[in-house]
């Protein structure tokens, strides 16, 4: 299979996540508080190593957000090592619910020890899995997890739409790579 470069895969995944996240929001029911491009004030403070203000969040650039997403989320889930499609699904979960939660949901879907650490066994199981089936199982597990959160009554409709959109995008990404592989063999 012809697989795009790790940088290209990250950029493609980032583009899809940023579409879901949108711009600056400061919803009173969102425990993350002020958020821009999906980066909360707390995450921005962590990334910068100092407290960030609401105005800092408002002025966050795409380039800085991309750096944060790469370092704190994509690298944490070893997005470069996961099969395309699966990487996108796990990355979006990591952004939305934290890297450890995303890895645990992946591990549960794979039937390996769910410790939240993406090690060699989890990677091997992810690579051996039927990607389309795994992406669908991840979506179901993610919706089950999200539906039990207190914010479901306020944000559930949007979360459901996001999960289903990312599932579709992950399946399309995988499918387009498989089509590319078949064309290369012709």
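The values are calculated or read from the model by the stated rules, or taken from the named source; none is laboratory data. Since the model is a prediction, treat every value here as computed from it, not as a measurement. Positions of Cβ are generated from backbone atoms using ideal geometry, with glycine treated the same way; all protein chains shown enter the neighbour counts.
For the reader, a short list of remarks on this structure follows.
- Verdict on residue 168 being under 16 Å from the mean Cα position of the chain (by Cα), over 27 Å from residue 47 (Cα atoms) and either buried (at least 17 other Cβ atoms within 10 Å of the Cβ) or modelled with pLDDT of 95 or more (or both): yes
- Here the condition is being within 11 Å of the chain's Cα centre (by Cα), closer than 22 Å to residue 123 by Cβ and surrounded by 17 or more Cβ atoms within 10 Å (Cβ to Cβ); of 14, 110, 105, it holds for 14 alone.
Let's see how each residue does on (1) modelled with pLDDT of 95 or more; (2) surrounded by 12 or more Cβ atoms within 10 Å (Cβ to Cβ); (3) not in a helix (DSSP H, G or I):
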| position | (1), (2), (3) |
| --- | --- |
| 23 | no, no, yes |
| 27 | no, yes, yes |
| 33 | no, yes, yes |
| 46 | yes, yes, no |
| 50 | yes, no, yes |
| 57 | yes, yes, no |
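- For first residues located in segment 40-54 and closer than 17 Å to residue 27 by Cβ, partners that are at pLDDT 95 or above and outside any helix (DSSP H, G or I) and lie 6+ apart or on another chain with Cβ distances below 7 Å form the pairs 41/52; 44/52; 44/60.
- Of all residues making up segment 113-138, the number that are outside any helix (DSSP H, G or I) and crowded, with 18+ Cβ neighbours inside 10 Å: 2
- Neighbours by Cβ (under 6 Å, 6+ apart or cross-chain): first from segment 139-155, surrounded by fewer than 16 Cβ atoms within 10 Å (Cβ to Cβ); second outside any helix (DSSP H, G or I): 154/29
- Scope segment 74-98; condition without any contact (Cβ under 8 Å) to a residue 40 or more places away in the chain and either closer than 15 Å to residue 124 by Cβ or out of contact with any helix residue (DSSP H, G or I) (no Cβ under 6 Å at 6 or more places or on another chain) (or both); matching residues: 75, 98
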